[in-house]
1. Just to be sure, is GLY124 more than 20 Å from ASP22 (Cβ to Cβ) and either in a loop (DSSP other than H, G, I, E, B) or assigned by TED's automatic domain parsing to the domain that holds LEU62 (or both)?
2. I'm trying to understand the selection: among the residues of the stretch 59-96, which are under 20 Å from THR34 (Cβ atoms) and free of Cβ contacts under 8 Å to residues at least 40 places away in the same chain?
3. Inspect all residues belonging to the stretch 79-95 and state whether any of them is surrounded by fewer than 15 Cβ atoms within 10 Å (Cβ to Cβ), farther than 21 Å from SER132 by Cβ and of a type in the set (Val, Ile, Thr).
4. Are any residues in the stretch 30-87 of a type in the set (Ser, Thr, Tyr), assigned to a loop (DSSP other than H, G, I, E, B) and out of contact with any Cys (no Cβ under 9 Å at 6 or more places or on another chain), and if so, which ones?
5. Give just the number: which of (1) in the same structural domain as PRO126 (by TED's automatic domain parsing); (2) loosely packed, with under 11 Cβ neighbours inside 10 Å; (3) not in a loop (DSSP other than H, G, I, E, B) does ALA98 not satisfy?
6. From the residues in the stretch 1-33 that are polar (S, T, N, Q) and surrounded by fewer than 16 Cβ atoms within 10 Å (Cβ to Cβ), which one is modelled with the highest pLDDT?
7. Within the stretch 93-121, how many residues are among the charged types (D, E, K, R) and more than 23 Å from LEU62 (Cα to Cα)?
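The values are calculated or read from the model by the stated rules, or taken from the named source; none is laboratory data. Just so we're clear, the structure is a prediction, and the values are computed from it rather than from any experiment. FYI the Cβ positions are ideal-geometry reconstructions off the backbone, even for glycines, and counts take in every protein chain you see.
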Amino acid sequence: MTNCPPVGGWPRLQLFALDCPDPLELAAFYSRVTGFPVEPLGDFTADDVHWIELVVEGCSTLAFQKVEHYVTPTWPEGAIPQQAHLDFTVPDLDAGEAHVLLAGATKAAFQPGEDFRVYLDPVGHPFCLVKSN
């Protein structure tokens, strides 16, 4: 794994949090996509989980935060537009697509480019696979 140290005195991204109705479910999806494990629950039960993260030593990670009245974003436009999205690089778009679809993603109907593809996670957050150089 690549070490992600801070550059000079600049802030370093610690994590990116996604709102969702079920943090464990969405964390499990992104664990399948990235291969990073979900942090252990310890003494908590699934009903107690309002925040959980993927375990990524030395680099930024993803976190998942429970929102009681979560509303799925619309993409590429609509009443509830996306506020942010994630990009993941892959050496082969077709292989990457097969991987994320198997993990539970849905390919977005609208595809605005040819060197990247847009998908939706199980609760509707858009994310992209970008062909690495």
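1. Judged against the criteria, GLY124 is not a match.
2. Result: ASP92, LEU93, ASP94, ALA95, GLY96.
3. Yes, there is a match, as at least one residue in the stretch 79-95 is surrounded by fewer than 15 Cβ atoms within 10 Å (Cβ to Cβ), farther than 21 Å from SER132 by Cβ and of a type in the set (Val, Ile, Thr).
4. THR45, THR72
5. (2)
6. Among them, the one singled out is GLN14.
7. Number of matching residues: 3.
Conditions (1) under 15 Å from GLY124 (Cα atoms); (2) modelled with pLDDT of 90 or more; (3) in the same structural domain as GLN111 (by TED's automatic domain parsing), marked per residue:
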{"position": "PHE36", "(1), (2), (3)": "no, yes, no"}
{"position": "ASP43", "(1), (2), (3)": "no, no, no"}
{"position": "GLY58", "(1), (2), (3)": "no, no, no"}
{"position": "PRO76", "(1), (2), (3)": "yes, no, no"}
